Amino acid sequence: MQSRKINENALSNHIAEHITEQIIKGELVPGEKLIEHIYAEEYGTSRAPVREAIYLLSIEGLVERIPRKGAVVKDYTENEIYDLLEIRNMLETMAIERIRRNGTDHGCLQKMAAILKEMKDITDVHLYTQLNHSFHMKIVEMSKSETIKTMYSRLGWPLLRIQSLSFANNGNIEKSVDEHERLIDLLTKDKIAEAAELLTSHNQDVISSIRKKLAQ
């Protein structure tokens, strides 16, 4: 019985990852209903693991249940979008402040450089968005603050979905790569104040870019 439960949990997580990928790539759009039996048939399972997967996604903020309609892809209001981005900016600013106090972690910087190398070869918006998130997560990890890291992780997939709107704008990926390269250089040289200023400007540009996208 215990083994079956573990297998069902693993399957639920796998289905949740699959639906997440569909949402991030835009294959499932805001307001679109998730049909349980389609996923159950696709994975050759009962609806129970699918329901569990949808429950996990509702916790992550990617899916919401609407009375008489069922589970649908969450459609964020403009206020919710800007709130998520502002919270992200605040947490990254706090992370940079901790780095200023505690010093840079050259192991993290090497990982950031490796991620940046991958980013330079990516043109797909959704793949780039995920690499971008990994890059910024390293800044958070360098803060050595479990509180900041936990709060940042909770922004999760909704933040990724929102950021993909920014990178869909022409030239934004190239600009992002350039600024990430400069950021690594400043942190490597312990120019923390300049790195903080660049990061703030970088994040504010994301908000401006999304404003333009939403206004179209």
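The values are calculated or read from the model by the stated rules, or taken from the named source; none is laboratory data. Predicted model only: the values in this text are computed from it and were never measured. Counting neighbours? That spans all protein chains shown, and the Cβs are built from the backbone with ideal geometry, glycine included. Areas reflect the complete protein model, heavy atoms only, side chains present, ligands, DNA and RNA absent. Shrake-Rupley method; radii C 1.70, N 1.55, O 1.52, S 1.80 Å.
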Quick check, is residue 75 in a loop (DSSP other than H, G, I, E, B), more than 17 Å from the chain's Cα centre (by Cα) and over 23 Å from residue 190 (Cβ atoms)? no
Give the range 48-72 a look and list any residue that's under 18 Å from the mean Cα position of the chain (by Cα) and among the hydroxyl-bearing types (Ser, Thr, Tyr), or say none. 58
Hits in the range 179-213 - residues which are under 20 Å from residue 119 (Cβ atoms), over 21 Å from the mean Cα position of the chain (by Cα) and touching a residue at least 24 places away in the same chain (Cβ under 8 Å): 187, 188, 195
Are any residues in the range 65-74 open to solvent by 60 Å² or more (accessible area, probe 1.4 Å) and either in contact with a Ser or Thr (Cβ under 8 Å, 6 or more places away or on another chain) or over 16 Å from residue 37 (Cα atoms) (or both), and if so, which ones? 65, 66, 67, 68
Filter the range 104-125 down to the residues that are open to solvent by 40 Å² or more (accessible area, probe 1.4 Å) and part of a helix (DSSP H, G or I) and list them by number. 106, 110, 111, 113, 114, 117, 118
Scanning the range 105-120 residue by residue, those free of Cβ contacts under 8 Å to residues at least 12 places away in the same chain and among the aliphatic types (A, V, I, L, M) turn out to be 114
Sole exception among (1) over 20 Å from residue 64 (Cβ atoms); (2) surrounded by 12 or more Cβ atoms within 10 Å (Cβ to Cβ); (3) aliphatic (A, V, I, L, M); (4) at pLDDT below 85 for residue 48, by number: (4)
Which of (1) in a helix (DSSP H, G or I); (2) closer than 23 Å to residue 137 by Cα does residue 40 not meet, given it meets every other one? (2)
If you take the residues of the range 200-213 that are farther than 14 Å from residue 84 by Cα and touching a helix residue (DSSP H, G or I) at 6+ places or on another chain (Cβ under 6 Å), which of them is modelled with the lowest pLDDT? 213
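Is it true that residue 4 is of a type in the set (D, E, K, R), at pLDDT 90 or above and open to solvent by 70 Å² or more (accessible area, probe 1.4 Å)? Walk me through it before giving the result.
Numbers: of a type in the set (D, E, K, R): yes; at pLDDT 90 or above: no; open to solvent by 70 Å² or more (accessible area, probe 1.4 Å): yes.
Here the answer is no, as residue 4 does not meet what is asked.
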